[in-house]
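Following: one structure in structure tokens, then a few remarks.
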Amino acid sequence: ETGVTQSPTHLIKTRGQQVTLRCSSQSGHNTVSWYQQALGQGPQFIFQYYREEENGRGNFPPRFSGLQFPNYSSELNVNALELDDSALYLCASSELGGSFGELFFGEGSRLTVL
Amino acid sequence: AQKVTQAQTEISVVEKEDVTLDCVYETRDTTYYLFWYKQPPSGELVFLIRRNSFDEQNEISGRYSWNFQKSTSSFNFTITASQVVDSAVYFCALSEAAAGNKLTFGGGTRVLVKP
């Protein structure tokens, strides 16, 4: 069973640039969620995708967008980067209708915005 | 709105001591779920336990135990006879039933177990 994998693991961008983060979900999982974790804080829900459709969104501006592909992998795109976007971005996969709330997380992509 | 508070930011213990992590939550929903996740230095969050709002039975699983008290909106977690490998950040989380798999996390408690 392959776990959740994320790429890249680390990246540095400058203000105003755009970034794409990628996530491969665990085998058999049809739902992907993205979370932002600022240093020293708990993760915050960005959005969730189920069957290629956005299925719930947290309090994040529209410059945070996502995609889910037919193989259930996903991308998180952030436009017009701001310094406060520096964080660990965590992807989690799950099976909608499966064990509620039991999310399987990747090790994250650490984004630094200068 | 839902909220999770973990008042302890860091706890340091010596190996074999017990450590209890506090979690207090707020929700207006009557059906909700509570979770504990562990985040080791590698970064990925690891699911430990889930409890629904109708199940106040406390549980022991190996060295871990949980104390859910609806009357005080608390869901505390205890590690008995701590080990160095227990060193990690522990997060309490809440999900209202209607919110699906959207979790609201607390700020986390860093546990440092010294040999």
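The values are calculated or read from the model by the stated rules, or taken from the named source; none is laboratory data. In this text the structure is predicted, and so the values were computed from the model without any measurement. With ideal geometry, Cβ positions are generated from the backbone for all residues, glycine too; neighbour counts draw on all protein chains shown.
Structure notes:
- Residue that is acidic (D, E) and closer than 19 Å to A:F105 by Cβ, where the choices are A:E75, A:E53: A:E75
- Counted residues, the range B:11-40 - those being exposed (fewer than 15 other Cβ atoms within 10 Å of the Cβ), modelled with pLDDT of 95 or more and over 17 Å from B:F75 (Cβ atoms): 6
- Scanning the range A:75-106 for residues that are among the polar types (S, T, N, Q) and either free of Cβ contacts under 8 Å to residues at least 12 places away in the same chain or within 14 Å of another protein chain (Cβ to nearest Cβ) (or both) yields A:S93, A:S94, A:S99.
- For the range A:24-50, the set of residues classified as under 20 Å from B:P41 (Cα atoms) and either touching a strand residue (DSSP E or B) at 6+ places or on another chain (Cβ under 6 Å) or more than 9 Å from every other protein chain (Cβ to nearest Cβ) (or both) consists of A:W34, A:Y35, A:Q36, A:Q37, A:A38, A:L39, A:G42, A:P43, A:Q44, listed by residue number.
- Residue under evaluation B:A1, criteria (1) over 25 Å from A:G106 (Cα atoms); (2) more than 11 Å from chain A (Cβ to nearest Cβ), criterion not met: (2)
- Filter result for B:V113 (buried (at least 16 other Cβ atoms within 10 Å of the Cβ) and more than 14 Å from chain A (Cβ to nearest Cβ)): yes
- Checked against the criterion of being at pLDDT 95 or above, surrounded by fewer than 21 Cβ atoms within 10 Å (Cβ to Cβ) and within 13 Å of chain A (Cβ to nearest Cβ), the candidates B:G107, B:G43 yield just one match: B:G107.
- Residue in the range B:87-102 that is in contact (Cβ under 8 Å) with a residue 24 or more places away in the chain and assigned to a loop (DSSP other than H, G, I, E, B) present: yes
- Residues that are free of Cβ contacts under 8 Å to residues at least 40 places away in the same chain and among the aromatic types (F, W, Y), drawn from the range B:67-86: B:F68
- Members of the range A:1-30 that are part of a loop (DSSP other than H, G, I, E, B), closer than 12 Å to A:C91 by Cβ and among the small types (G, A, S): A:G3, A:S25
- Residues that are more than 14 Å from chain A (Cβ to nearest Cβ) and either touching a residue at least 12 places away in the same chain (Cβ under 8 Å) or among the β-branched types (V, I, T) (or both), drawn from the range B:46-66: B:E56, B:I60, B:S61, B:R63, B:Y64, B:S65, B:W66
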